[in-house]
Amino acid sequence: MTTSNAQTAPLTQARLTLPFELADAVSDHLMELGTLAVSLEDAHADSDEEQPLFGEPGMEPESAAWDLNHVVALFRNRDEAEQVFATVADELGADGGLDLNAIEYAEVPQEDWVRLTQSQFDPIEITERLWIVPSWHTPQLAQGRVNLVLDPGLAFGTGSHPTTALCLRWLTEHPLDGADVLDYGCGSGILGIAALKLGAANAVGVDIDPQAVDSTAFNASNNGVTMPCGLPDFPLANRQFPVVVANILSNPLKVLAPSLCEHVAKGGHLVLSGVLARQAEEVMAVYRQWMDMTIWAERDGWVCLHGRPKA
Ligand SMILES: C[S@@+](CC[C@H](N)C(=O)[O-])C[C@H]1O[C@@H](n2cnc3c(N)ncnc32)[C@H](O)[C@@H]1O
């Protein structure tokens with residue numbers, strides 16, 4: 001087989017349905033044996049029994065894993081796939097529960113995987129005015145349209161998650177001209193960068209994850225803006241801001257309440273997300289010690305909370 005044939009020959013995809021513990025063990029063995037790719041998918045996806053996985057720092061996840069999983073594995077060819085699964089069955093032992101006859105094989109054409117992955121990320125319209133555009137798309141230029149160039153990366157925040165989209169919507173629907181914005185839990189820096197492109201004078205980012213700090217600096221420079229960013233002891237964040245936005249999760253938001261409220265300047269705005277609708281009252285109750293709180297908007301079970309300092 002020539003190199004060019006090797007690059008274009010179809011791959012073999014194997015698919016089987018397993019309960020979580022076995023799916024987990026089988027995928028670990030597959031990876032150790034050099035399988036090209038292994039993924040687990042909820043076997044009930046897109047049905048009424050689909051099982052969302054939620055978890056928060058400091059809380060037991062409501063569900064840590066799907067009960068029933070599709071294990072999908074990719075191999076160079078069918079022979080390799082069958083050999084690898086035979087080895088996994090051996091390693092798990094006769095009582096291991098892996099039924100080799102239940103595996104469905106299919107050929108999948110070799111793709112340009114980078115292009116395929118990129119094609120799954122289209123520009124996202126947050127509002128008519130604000131769009132998130134991956135760097136491999138040419139942004140459309142139109143009067144009043146703000147394009148934020150952002151690629152999926154290691155830090156959270158591409159605009160596709162409802163909590164990010166809710167905060168972005170808040171930023172587009174309120175005048176930011178000349179305001180200073182604190183983006184607490186900045187991830188990719190998406191909220192602070194959007195604020196700057198929408199007219200804020202300055203934006204400062206804070207995150208506990210050093211990867212988020214790097215990612216924010218990279219994305220800010222890619223968008224032609226400057227957004228200083230650091231870990232929670234970052235001196236530039238140590239002041240009050242007319243707008244503080246924090247898209248984290250309900251538990252850390254409750255813990256951070258005194259400090260976040262202290263960062264909001266007199267007459268300023270606090271915008272919180274990462275909160276499920278059923279958690280809204282509990283989170284607002286904590287913030288009501290310092291702020292007048294309302295639910296500003298809701299999307300797909302998530303809310304965006306808005307607070308103003310009490311007079
Ligand atoms: C849901 S992501 C939001 C990212 C981005 N701001 C957005 O809206 O898409 C939450 C971010 O908060 C950060 N984070 C979590 N707990 C934090 C804390 N106690 N202090 C600062 N950042 C925190 C995480 O590292 C993560 O980058």
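The values are calculated or read from the model by the stated rules, or taken from the named source; none is laboratory data. None of these values were measured; they are calculated from a predicted model. So basically every Cβ, Gly included, is an ideal-geometry build from the backbone, and we count neighbours across all protein chains shown.
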Handout entry: Matching entry among Ser215, Ser250 (being at pLDDT below 95, touching a helix residue (DSSP H, G or I) at 6+ places or on another chain (Cβ under 6 Å) and assigned by TED's automatic domain parsing to the domain that holds Ala265)
Key = Ser250
Completion exercise
For region 189-211, pairs from a residue that is more than 14 Å from Leu150 (Cα to Cα) to a residue that is of a type in the set (Lys, Arg) and more than 8 Å from the ligand (Cβ to nearest atom), with Cβ under 9 Å and 6 or more apart or across chains, are Leu198/Arg129; Val204/Arg239
Problem - Number of the condition not met by Arg239 [criteria: (1) within 15 Å of the ligand (Cβ to nearest atom); (2) in a loop (DSSP other than H, G, I, E, B)] - result: (1)
Exercise for the section: Scan region 158-187 and report the pairs whose first residue is touching a residue at least 12 places away in the same chain (Cβ under 8 Å) and closer than 22 Å to Asn202 by Cβ and whose second residue is in a loop (DSSP other than H, G, I, E, B) and among the aromatic types (Phe, Trp, Tyr), with Cβ atoms within less than 6 Å and a gap of 6+ or a chain change. Expected result: Gly187/Phe156
Handout entry: Residue that is of a type outside the set (Asp, Glu), surrounded by fewer than 22 Cβ atoms within 10 Å (Cβ to Cβ), more than 22 Å from Glu125 (Cα to Cα) and in contact with a strand residue (DSSP E or B) (Cβ under 7 Å, 6 or more places away or on another chain), where the choices are Leu236, Leu270
Key = Leu236
Practice task
Identify the residue in region 129-164 that is under 14 Å from the mean Cα position of the chain (by Cα) and of a type in the set (S, T, N, Q) and, among all such residues, is surrounded by the most Cβ atoms within 10 Å (Cβ to Cβ).
Solution key: Thr164
Problem - Selection from region 239-261 of residues that are in contact with a Pro (Cβ under 9 Å, 6 or more places away or on another chain), free of Cβ contacts under 8 Å to residues at least 60 places away in the same chain and buried (at least 18 other Cβ atoms within 10 Å of the Cβ) - result: Cys261
Practice task
Starting from residues that are in contact with a Leu (Cβ under 9 Å, 6 or more places away or on another chain) and assigned to a loop (DSSP other than H, G, I, E, B), keep the ones in region 218-231 and report whichever is surrounded by the fewest Cβ atoms within 10 Å (Cβ to Cβ).
Solution key: Thr226
Practice task
Confirm whether Pro152 is more than 20 Å from Trp302 (Cα to Cα) and within 15 Å of the ligand (Cβ to nearest atom).
Solution key: yes
Practice task
Take Thr17 and decide whether it is more than 18 Å from Asp90 (Cβ to Cβ) and at pLDDT 90 or above.
Solution key: yes
Fill in the blank from the handout: Here the residues within region 244-294 that are of a type in the set (A, V, I, L, M), assigned to a helix (DSSP H, G or I) and within 16 Å of the ligand (Cβ to nearest atom) are Leu253, Val255, Leu256, Ala257, Leu260, Val283, Val286
Practice task
Pull up region 165-217, narrow it to residues that are surrounded by fewer than 21 Cβ atoms within 10 Å (Cβ to Cβ) and under 15 Å from the mean Cα position of the chain (by Cα), then point me to the one that is farthest from the ligand (Cβ to nearest atom).
Solution key: Gln211
